[in-house]
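The values are calculated or read from the model by the stated rules, or taken from the named source; none is laboratory data. Everything numeric here is computed off the predicted structure, so don't read it as measured data. Reconstructed Cβ throughout: ideal geometry from the backbone, glycine too, with neighbour counts over all protein chains shown. Surface areas here come from the heavy atoms of the whole protein model, side chains and all, with no ligands, DNA or RNA. Shrake-Rupley method; radii C 1.70, N 1.55, O 1.52, S 1.80 Å.
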Amino acid sequence: MPTTIITGASSGLGAEMTRQIAARGWDHGLCARRTDRLEELREEIVAAHPGRRVEVRALDFTDDDAVFEVFLAFLDDFGTIDRVVVNAGLGKGAPLGTGRHDANRQTAMVNFVAALAQMEAAMEIFRAQKRGHLVVISSVTAMRGMRKTITTYAGTKAGVASLAEGIRHEMLGEPDLDIRVSTIYPGYIRSEMNERVSHTPFMVDTEPGVRAIVAAIEKGSASARVPTWPWLPMGTALRHAPLGIVRKLM
Ligand SMILES: NC(=O)c1ccc[n+]([C@@H]2O[C@H](COP(=O)([O-])OP(=O)(O)OC[C@H]3O[C@@H](n4cnc5c(N)ncnc54)[C@H](OP(=O)(O)O)[C@@H]3O)[C@@H](O)[C@H]2O)c1
């Protein structure tokens, strides 16, 4: 069976991606801090798909060394890792200069520094295997510098998209390595992260939103804004419009 590691699978997009990808016949290595949630998800998946294998490990992404240890432990469990989905993320934040550097720093550490560690750990495995699929969950907010509470969050999501593109760029010159890199830019999809956020334009429910993410992953798209409507054209507008227009859109 093909195997995927999904980080941050204890809620929201990560948990739903696990359900949908397991239904397509994949085994899973799941990690996050709330292992009770991961154990529940494992039970749900094994009940729905007897024979599916799901391994669960506690991981706090603020501990870089633990990221490498946990990914290698999953490799030990399964023998090969076909795909890694760098999904864990944090949506805390405040306008810069308003006394909440702690919240912005926490978001930067989980969404960028810890994502870098996950990409490093995944690429070590993929380089040794000479193959693999790295999936990075960015955000449509990465299209442009965003204001107020999402300034730092959007910066981290642009950062991880750039890291992913850098690896993709490098792989173009490595014909012996069959390593694909997909950057997914989701629009607003219902999850714990946005349950208390007031301005979430074009929000969709978790299940259909994640269906669009999984379709893009399965296609092996280099880059996808999902759901396509409205985020494909909105993404283009966000990327190129003057900031005065961007301000009206987001
Ligand atoms: N929902 C949206 O509209 C949307 C849009 C664009 C992009 N995204 C991105 O999608 C990804 C998933 O977000 P979501 O919406 O599903 O949010 P969520 O429901 O809050 O899930 C976030 C996940 O990240 C994990 N996580 C956070 N900090 C962690 C840490 N220090 N160590 C280990 N795990 C940690 C959480 O696990 P524990 O708390 O159990 O550790 C949880 O499983 C994020 O990267 C987010 O930026 C979401």
Inset, instruction - Excluding Ala88 itself, calculate the net charge of residues whose Cβ lies under 11 Å from the Cβ of Ala88, where each Lys or Arg counts +1 and each Asp or Glu counts -1. - result: 0
Legend entry - With DNA, RNA and ligands ignored, accessible area of Glu69 (1.4 Å probe; Å², nearest 10): 120
Inset, instruction - Could you check which residue among Ala15, Ala88, Ala73 shows the biggest mean-square fluctuation in a GNM of the chain with a 10 Å Cα cutoff? - result: Ala73
Legend entry - Cα-based equivalent ellipsoid, the stretch 175-250: semi-axes from gyration tensor eigenvalues, Å: 25, 18, 10
Inset, instruction - Please determine, in degrees from 0 to 90 and to the nearest 10, the orientation of helix 64-78 with respect to the longest principal axis defined by the Cα atoms of the chain, where the helix direction is its Cα long axis. - result: 40
Legend entry - Within a Gaussian network of the chain (alpha carbon springs, distance under 10 Å), most fluctuating of Gly14, Gly173, Gly155: Gly173
Inset, instruction - Heads up, I need the accessible area for His199: 1.4 angstrom probe, whole protein in place, Å², nearest 10. - result: 110
Inset, instruction - Could you tell me the distance between the Cα centroids of the stretch 140-217 and the stretch 1-36, to the nearest Å? - result: 17
Legend entry - Environment charge of Phe74, counting only residues whose C-beta is closer than 12 Å and scoring Lys/Arg +1, Asp/Glu -1: -3
Inset, instruction - Report, in deg cm²/dmol and to the nearest 500, the calculated mean residue ellipticity at 222 nm for the chain, where each DSSP H run with n ≥ 4 adds -39500 (n - 2.57) and the sum is divided by the residue count. - result: -15500 deg cm²/dmol
Inset, instruction - Within the set of other residues whose C-beta is less than 12 Å from the C-beta of Gly132, count the net charge using Lys and Arg as +1 and Asp and Glu as -1. - result: +2
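Please say if the stretch 89-174 is rounded, prolate or oblate, where rounded means a/c under 1.5 for a ≥ b ≥ c the square roots of the C-alpha gyration tensor eigenvalues, and otherwise the choice is prolate for a/b larger than b/c and oblate otherwise? Please list the in-between numbers first.
Details: a/c = 3.55, a/b = 2.19, b/c = 1.63.
Here the stretch 89-174 falls in the prolate category.
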Inset, instruction - Choose one of Val197, Gly91, Gly12: the residue whose Cα lies farthest towards the positive end of the charge dipole of the chain (beta-carbon charges +1 Lys, Arg; -1 Asp, Glu; about the Cα centre). - result: Val197
Inset, instruction - Once you have all Cα-Cα distances for the chain, histogram them in 5 Å bins from zero and send the whole-percent values. - result: 1, 6, 14, 18, 21, 18, 12, 7, 3, 1, 0
Inset, instruction - Skip the ligands, DNA and RNA, and give the accessible area per residue of the stretch 1-119 with a 1.4 Å probe, whole Å². - result: 43
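Among the GluC sites (Glu not before Pro) within the stretch 173-235, which fall in a DSSP loop and have no more than 16 other Cβ atoms within 10 Å of their own Cβ? Could the numbers behind the result be given before it?
Numbers: sites: Glu192, Glu195, Glu218; in loops: Glu195.
Listed in order of number, the matching sites are Glu195.
Among 114-124, 234-244, how do they line up from the highest to the lowest mean number of other beta-carbon atoms within 10 Å?
Details: 114-124: 21.5, 234-244: 13.5.
By packing density, highest mean first, the sequence is 114-124, 234-244.
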Inset, instruction - Using R₀ = 45 Å, calculate the FRET efficiency as 1/(1 + (r/R₀)^6) where r is the Cβ-Cβ separation of Asp60 and Ile245; round to 0.05. - result: 0.70
Inset, instruction - Averaging sequence separations of C-alpha pairs under 8 Å and six or more residues apart, then dividing by the length of the stretch 177-244, give the relative contact order as a whole percent. - result: 40
Inset, instruction - Would you mind computing, in nm to one decimal, how far apart the modelled labels at Ala73 and Arg24 are, each placed 7 Å from Cα along Cα→Cβ? - result: 2.7
